[in-house]
Amino acid sequence: MMERTAITKQTIELKVAGSSPMRAYVAHPLSGGPHPGLMVFQEAYGVNGHIRNVTDRFAAQGYVAIAPELFHRTAPPGFEGDYKNFASVTPHFQAVTNDTAEEDIRATYDWLHSYSQVNTHQISCVGFCMGGRISFLANAVVPMRAAVAYYGGRIAQTLLNRASELHGPALLYWGGLDKHIPGNDRRAITEALDAQKKTYVNVVFSNADHAFFCNERAAYEPNAARQSWALTLEFLRS
């Protein structure tokens, strides 16, 4: 895959079983293909400018990248939260259950799997914050080639029982300063993966906090962001 591949962008609408339609932002190379597919799962602040930018960056690396709007049941289409007002996104964040997320994951995966520009044997996922948990779940729900989870909250509390179902290798990122996800939670996750003999890479940036990858948030840590991006690309390729 080449750096800075020319890309095209669009917003589509997906049908979700038992629910309202779900919008999704899609970016992919203008030419060539079929390309590997990638689901990009949002933070708690929606498919905002940051998530669209990340999706574009993956597209420029040669992926058909799609970011579904996981708040479609409770928020208007195109919803973007305010990084300075977590209370404004809390109702939408809390409404995303594992059951509803599974339906959204399947709808997104099915679109990628049916899209002519996607290599159906190379579909992976990446997620940030809330989306990190969704990425971990997606790896259990559909046949992911690989799954990347940036500081996914509540995996230890709600998804350890799904560890045996993971399809592809997992790459897990954490911030050592993250008070939302303590070391005990991180250890519980890796112990569950070890018990199931799953392949994973576990990375802790000791000087980084929660949300260290987002350059629009106060916790942004540029070195951790840059290094994790390089590792993510290599992990997904290999």
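Within the range 96-142, can you find the residues that are in contact with an Asp or Glu (Cβ under 8 Å, 6 or more places away or on another chain) and farther than 24 Å from V203 by Cβ?
Once the filter is applied, which keeps residues that are in contact with an Asp or Glu (Cβ under 8 Å, 6 or more places away or on another chain) and farther than 24 Å from V203 by Cβ, the range 96-142 yields nothing.
Residue-by-condition table, conditions (1) of a type outside the set (K, R); (2) closer than 22 Å to I134 by Cβ; (3) in contact (Cβ under 8 Å) with a residue 40 or more places away in the chain; (4) not in a helix (DSSP H, G or I):
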position	(1), (2), (3), (4)
D185	yes, yes, no, no
E191	yes, yes, no, no
K197	no, no, no, yes
A208	yes, yes, no, yes
E216	yes, yes, yes, yes
A225	yes, yes, no, no
S228	yes, yes, yes, no
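Being out of contact with any Gly (no Cβ under 8 Å at 6 or more places or on another chain), surrounded by 18 or more Cβ atoms within 10 Å (Cβ to Cβ) and polar (S, T, N, Q) is the filter here; which residues of the range 32-56 pass it?
Result: T55, single match.
Out of R145, R154, report the one residue that is of a type in the set (D, E, K, R) and at positive phi.
R154
Just to be sure I understand, how many residues within the range 136-175 are farther than 16 Å from L233 by Cα and under 11 Å from the mean Cα position of the chain (by Cα)?
Number satisfying all stated conditions: 6.
Of A192, A208, which residue is under 22 Å from N98 (Cα atoms), surrounded by 15 or more Cβ atoms within 10 Å (Cβ to Cβ) and of a type in the set (A, V, I, L, M)?
It is A192.
Please list, ordered by first then second residue, the pairs with beta carbon atoms under 7 Å, 6 or more apart or interchain, first in the range 39-55 and at pLDDT 95 or above, second among the charged types (D, E, K, R).
Y45/E80; G46/E69; G46/E80; V47/E69; N48/E80; H50/E216; I51/E43
Would you call A59 among the small types (G, A, S), within 21 Å of H121 (Cβ to Cβ) and surrounded by 18 or more Cβ atoms within 10 Å (Cβ to Cβ)?
Taking the combined requirement at face value, the residue satisfies it.
For the range 18-52, which residues satisfy the criterion of being hydrophobic (A, V, I, L, M, F, W, C) and either farther than 16 Å from C129 by Cα or not in a loop (DSSP other than H, G, I, E, B) (or both)?
M22, A24, V26, A27, L30, L38, M39, V40, F41, I51
Picking from Y173, Y220, which residue would you name as being surrounded by fewer than 20 Cβ atoms within 10 Å (Cβ to Cβ) and aromatic (F, W, Y)?
Y220
Scan the helices (runs of 4 or more DSSP H) fully inside the range 73-150 and keep the ones with 3 or more residues being modelled with pLDDT of 95 or more and surrounded by 15 or more Cβ atoms within 10 Å (Cβ to Cβ).
98-114, 130-141
The values are calculated or read from the model by the stated rules, or taken from the named source; none is laboratory data. Because the structure is predicted, anything quoted here is derived from the model rather than measured. Counting neighbours? That spans all protein chains shown, and the Cβs are built from the backbone with ideal geometry, glycine included.
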